[in-house]
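Below you'll find the structure, written out as structure tokens, and then a few comments.
The values are calculated or read from the model by the stated rules, or taken from the named source; none is laboratory data. Given the structure is predicted, the values throughout are model-derived calculations rather than measurements. So basically every Cβ, Gly included, is an ideal-geometry build from the backbone, and we count neighbours across all protein chains shown.
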Amino acid sequence: MTSLDEDAVGPDSARPGAVDPEERVPAPREGGGVTLSVVILTMGNRPAELARAVRSALDQENVAVEVILVGNGVPGDWTPGDDPAFEDERVTLLRLPKNVGIPAGRNRGVEASSGDVILFLDDDGWYRSTRLGTYLRDRFAAEPDLGVVSFRVRDPEGGRGERRHVPRLRAGDPERSSAVTTFLGGACAVRRAAFDAGGGLPEDFFYAHEETDLAWRVLDAGYRIVYDASAVMFHPAVLPTRHDMFYRYNARNRVWLARRNLPWPLAFTYLAVWVAMTVVRERRPSALKPWFKGFAEGWRRPAGPRRPIRWRTAWRMTLTGRPPII
């Protein structure tokens, strides 16, 4: 295991704009093939689950893989545990003494990685199949315009899974693969060139909608995003509302998402639709009060660089089944 402190890696330079398809095919590395980097973000409070996640990444067969283990908000002398997996030479440990949030933590992991394809894995998730890596390697190598693969999330207890884990409007059949316009942040694989073209994850978001922000920019750069039911990650069933800041960040970041990425007519429509949907769905004052507080905060505070997607990208999203107004 290699250790890095937070100053050992600097921010990558974003490469906005479309990329020539010929340039999207990763050059073969010495030893052959596309390489994978698995970035696992942890707060250091689930050592047994974390060891399982790391082992599932290292156990991938016939593919070059490394694990970047990011301790987010951990002491300088923190160690992940005594499981032998943490001592594997393919594991790099990156300690961040301050909790910088999910997008910034994952960005730091990407900066410390070297793979052609980046997999983001939650510390309480894992890959049961040891052939997932070769499947992804071959698919990304064969499809140069493929930017992101969003995985199917399966409940280890055998439940059907959560509707929100299927990133499309018609989410009733999780076993059906399709083109999509967003992806799951902790259950995905992203082509590194697409990640760079999209400018990485928006760090000010801290939590919620950061994947959609990157997804829209990846689509605008000319890449495709797919939900692939054959690519499976296991994860316990949990509710996002368990986090105290869920409603506030959900609303604030949705405003930022529109302000940063949508032409103004679409931005206002998108936000109006979500205000109406939230009022209808939630109704409870305990949920609506922090949501509208976050909504107002999203207008008051800077949203970051504005780079609206092209109208033809919005049309592509509409043809995919999810226009950027919902």
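Being modelled with pLDDT of 95 or more and surrounded by 16 or more Cβ atoms within 10 Å (Cβ to Cβ) narrows it down to one of R307, R217, R300, so name that one.
After ruling out the rest, the residue left standing is R217.
Listed here are the residues, each with its yes/no results for (1) touching a residue at least 24 places away in the same chain (Cβ under 8 Å); (2) in the same structural domain as L219 (by TED's automatic domain parsing); (3) in contact with a strand residue (DSSP E or B) (Cβ under 9 Å, 6 or more places away or on another chain); (4) surrounded by 16 or more Cβ atoms within 10 Å (Cβ to Cβ).
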| position | (1), (2), (3), (4) |
| --- | --- |
| Y249 | yes, no, no, yes |
| A258 | no, no, no, yes |
| A276 | no, no, no, no |
| P290 | yes, no, no, yes |
| F295 | yes, no, no, yes |
> Which of the residues that make up region 179-213 are acidic (D, E) and over 20 Å from M317 (Cβ atoms)?
Replying inline: D196, E203, D204
> Going through region 64-79 one residue at a time, which ones are among the small types (G, A, S), buried (at least 18 other Cβ atoms within 10 Å of the Cβ) and either at pLDDT below 95 or assigned to a loop (DSSP other than H, G, I, E, B) (or both)?
Replying inline: A64
> So which residues in region 118-154 are basic (K, R) and in a strand (DSSP E or B), if there are any at all?
Replying inline: R152, R154
> Hey, R139 hits all of (1) modelled with pLDDT under 95; (2) within 24 Å of D220 (Cβ to Cβ) but one; which does it fall short on?
Replying inline: (1)
> Given (1) part of a loop (DSSP other than H, G, I, E, B); (2) modelled with pLDDT of 95 or more; (3) surrounded by 17 or more Cβ atoms within 10 Å (Cβ to Cβ), where does E61 come up short, assuming only one miss?
Replying inline: (3)
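Residue-by-condition table, conditions (1) surrounded by fewer than 17 Cβ atoms within 10 Å (Cβ to Cβ); (2) more than 18 Å from A64 (Cα to Cα); (3) of a type in the set (V, I, T):
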position: P97; (1), (2), (3): yes, yes, no
position: G109; (1), (2), (3): no, no, no
position: D124; (1), (2), (3): no, yes, no
position: R131; (1), (2), (3): yes, no, no
position: L136; (1), (2), (3): no, no, no
position: F140; (1), (2), (3): no, no, no
> Which number in (1) out of contact with any strand residue (DSSP E or B) (no Cβ under 8 Å at 6 or more places or on another chain); (2) acidic (D, E); (3) within 27 Å of Q60 (Cα to Cα) marks the one condition that E89 misses?
Replying inline: (1)
> Looking only at residues in region 59-87 that are more than 20 Å from the chain's Cα centre (by Cα) and hydrophobic (A, V, I, L, M, F, W, C), which one is farthest from V100 (Cα to Cα)?
Replying inline: V63
>> One residue is enough: does region 110-117 have a residue meeting the conditions part of a loop (DSSP other than H, G, I, E, B), within 15 Å of F234 (Cβ to Cβ), assigned by TED's automatic domain parsing to the domain that holds A208 and touching a strand residue (DSSP E or B) at 6+ places or on another chain (Cβ under 8 Å)?
In response: no
>> For region 156-208: of the residues being more than 13 Å from the chain's Cα centre (by Cα) and assigned to a strand (DSSP E or B), which is farthest from A221 (Cα to Cα)?
In response: S178
> Condition test on I325, is it free of Cβ contacts under 8 Å to residues at least 60 places away in the same chain and closer than 22 Å to I225 by Cβ?
Replying inline: yes
> Of the residues that make up region 297-314, is at least one among the acidic types (D, E), farther than 23 Å from L201 by Cα and assigned to a helix (DSSP H, G or I)?
Replying inline: no
> Given G172, G222, G186, which one is without any contact (Cβ under 8 Å) to a residue 12 or more places away in the chain and either assigned by TED's automatic domain parsing to the domain that holds L119 or surrounded by fewer than 21 Cβ atoms within 10 Å (Cβ to Cβ) (or both)?
Replying inline: G172
> Can you name the condition, by its number, that M233 falls short on among (1) at pLDDT below 95; (2) touching a Phe, Trp or Tyr at 6+ places or on another chain (Cβ under 6 Å)?
Replying inline: (1)
> With respect to the numbered conditions (1) modelled with pLDDT under 95; (2) within 13 Å of the chain's Cα centre (by Cα), which one is the sole condition not fulfilled by V238?
Replying inline: (2)
